Amino acid sequence: MAATGDRIATFHRLHESGCFVMPNPWDTGSARALEQMGFKALATTSAGLAWTLGRADNQITLDQALHHLRDIVVAVKVPVNADFEGCYAIDPQQVGAHVKLAAATGIAGLSIEDSTGDEANPLHDFELAVARVRAARLAIDESGTGVVLTGRSEGFVCGRPDIDETIRRLRAYSEAGADCLYAPRIEKAEHVAAIVAAVAPKPVNLLINAPFMTVAQATALGVRRISVGGTLARAAWGGFLQAAREIADAGTFSRFQRLPNVDALFRDR
């Protein structure tokens, strides 16, 4: 395993200029495959992990998340960013404690969300949300790791697609110590450009989970980092479910053609 400090330093450098794609594996095999393709960093996906355990997203425990982070970090040599959901806590002090546990797994980056899971009040109150980011920042500083902190605003995910409020929150998270800013499910070029301008010179992560933008287009808008969330895992599940459904419904196996030699990916490791 590459030294943790080296991977964290590399991850910081990746955010300094240009734009890089940070795809999201869901297990050690997919992580190793993506590393072999030349991606310079990877990120976990809470949804992808949950599906491997037969659960829905947001149903993973803190211990399961930490175990998964250790597995992915050990499996590859590139920096790994943690999809740490809402840090598995509400209280800022507890957020900080959990961030320290995550930082100890060897990750190079970590994100903190501001969603609550409550449909009536889907986002944490503004001041609490900022305090949570500030607590995560303090925890990373106290850990001495230098892990890259990403502040996420989830309004476009949880039914509050207000770009002005999203920008207000991202600016506040930046001021509270987030190194990178991220608003998943933003899909309009003008919104992407507005966020990039609002938090500059801090880098922005863009989620691309549908073919609405290319890497070149995102780069032109000033995006520094691209992730795909659980979409690669969904693509894999799509192929599996279609093949299995054909067997169950028709008793035929037409999808068992032109399949990759997966074993060859790992034979020399």
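Within segment 208-244, name every residue whose backbone N is under 15 Å away from a label modeled 7 Å from Cα of S254 along the Cβ vector.
Counting backbone N atoms under 15 Å from the label point, the list is 242-244.
Which number do you get for Rg(Cα) / (2.2 N^0.38 Å) in segment 4-230? Before the final figure, lay out each step's value.
On the way: Rg = 15.9 Å, N = 227, 2.2 N^0.38 = 17.3 Å.
The value comes to 0.92.
Measuring from centroid to centroid over Cα atoms, what is the spacing of segment 15-46 and segment 66-120 in Å?
16 Å
With charges only on Cβ, +1 for K and R and -1 for D and E, what is the dipole size of the chain about its Cα centre, in debye, rounded to 20?
Working: 27 positive and 30 negative charges, 174 e Å.
Value, rounded to 20: 840 debye.
No value in this document is a laboratory result; all are computed from the given coordinates. Fair warning: this is a prediction, and the values are worked out from it, not measured in the lab. Cβ atoms come from the backbone with ideal geometry, glycine included; neighbour counts cover every protein chain shown.
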